[in-house]
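Read through the structure below, which is laid out as structure tokens, and then see the notes.
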Amino acid sequence: MRIPLQVRDFAGGLRAMAQFLIKSEKPHLFGPIESIVDTGSPTTILGMPDMKRMRVSQIQLIDLESRKEPHAYGGGQLKTKILRDAKLRFGEHFECKMDVQIPVEEVTECTQPTILGVDFMEKNKFKLVFDPAKKEAYFESSE
Amino acid sequence: MEKQELQLLKGFERDSRWFHENIDKLREQNFTGKFVAVANEKPVASDRNIDIVIKSVEKEGKNPAYIFIEFVHPKGFTLLL
């Protein structure tokens, strides 16, 4: 199986990007997301602009489990909580449930995008094929 | 429901594509350093503060959760993740 990705020139270079729908019941979260595929990030983290867009308030996050260690993120540190079993849907191609980190403290520079990390690839047994010269990228089953 | 979800995602992907293909034009039109909301392949709101953009989108009767909103970085700026 293949999930096609977009290769876009974003913020200084070519990036493999994925759009997906995120769904969660508690706290309620629903909407499309654009993410940067980042094999340098072990975890998937929702960007603060996307959190704001989906109007998730910090009060809604009170009951969620906190991640013990902060993330180094965009030159700063970010504390997150764990959104368990969020549903991620990639068009007609694929859907999965996985834990997603969500920021709990607003950082001064609030432009960081959502990151689709290695945990997504590991959980779903995907490998990433990324050919910047041909501007082609996709996830493919590694089994 | 499933069909509506797919349409929502397709519309978002279309506006994302428009944003990335027109990023230089947006810079020329003074959007650098601002968040821009794009709906139906047109910028519909912008500001340096995303909260203001979200409120503008809501005033237009749109749900910001479904609207593509992205920051226009200056040309030459490199974001290290």
Estimated [θ] at 222 nm from DSSP helical runs (n ≥ 4, -39500 (n - 2.57)) normalised by residues in chain B, nearest 500: -14000 deg cm²/dmol
For B:ASP47, residues with placed amide H under 5 Å, excluding near neighbours: B:PHE35
Over chain A, relative contact order from alpha-carbon pairs under 8 Å, at least 6 apart, %: 32
Karplus 3J(HN,Hα) series, Hz, for the range A:40-48 with 6.51 cos²θ - 1.76 cosθ + 1.60 (x for Gly, Pro): x, 10, x, 10, 8, 10, 6, x, 4
Helix axis angle, B:50-59 relative to chain B longest principal axis, alpha carbon, degrees: 40
Residue-by-residue Karplus 3J(HN,Hα) for the range A:9-24, coefficients 6.51, -1.76, 1.60, Hz, glycine and proline x: 7, 9, 6, x, x, 6, 10, 7, 10, 10, 9, 8, 9, 10, 9, 8
Angle between chain B longest axis and helix B:2-21 axis [Cα atoms, degrees, rounded to 10]: 20
Karplus 3J(HN,Hα) series, Hz, for the range A:28-34 with 6.51 cos²θ - 1.76 cosθ + 1.60 (x for Gly, Pro): 5, 8, 7, x, x, 10, 10
Fraction in percent of alpha-carbon pairs per bin - 5 Å, the range A:1-101: 2, 11, 20, 25, 21, 13, 6, 1
Burial ranking of peptide ranges A:42-52, A:18-28 (average Cβ count within 10 Å, highest at the top): A:42-52, A:18-28
Using a Förster distance of 22 Å, the FRET efficiency for A:GLU69-A:CYS96 (Cβ separation, nearest 0.05): 0.35
Overall Cα dimensions of the protein assembly as shown, principal axis frame, Å, largest first: 47, 45, 40
Distant-in-sequence amide H partners of A:THR43 (H built 1.01 Å from N, under 5 Å): A:VAL118, A:ASP119
Shielding by other protein chains, A:81-92, mean Cβ within 10 Å: 1
Average beta-carbon neighbours from other chains, 10 Å sphere, peptide A:10-22: 4
Nearest-20 debye value, chain B charge dipole, Cβ charges on Lys, Arg, Asp, Glu: 160
Estimated distance in nm for a label pair at A:GLU25 and A:VAL129, the labels positioned 7 Å out from Cα along Cα-to-Cβ: 3.8
Against the rule of thumb 2.2 N^0.38 Å, how large the Cα Rg of chain B comes out: 1.12
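Any read-out appearing in this document is the output of simple, stated calculations on the displayed coordinates, not a laboratory observation. Please read these numbers as outputs of a predicted model, since none were measured by experiment. Don't worry about glycine lacking a Cβ; one is built from the backbone with ideal geometry, like all the others, and counts go over all protein chains shown.
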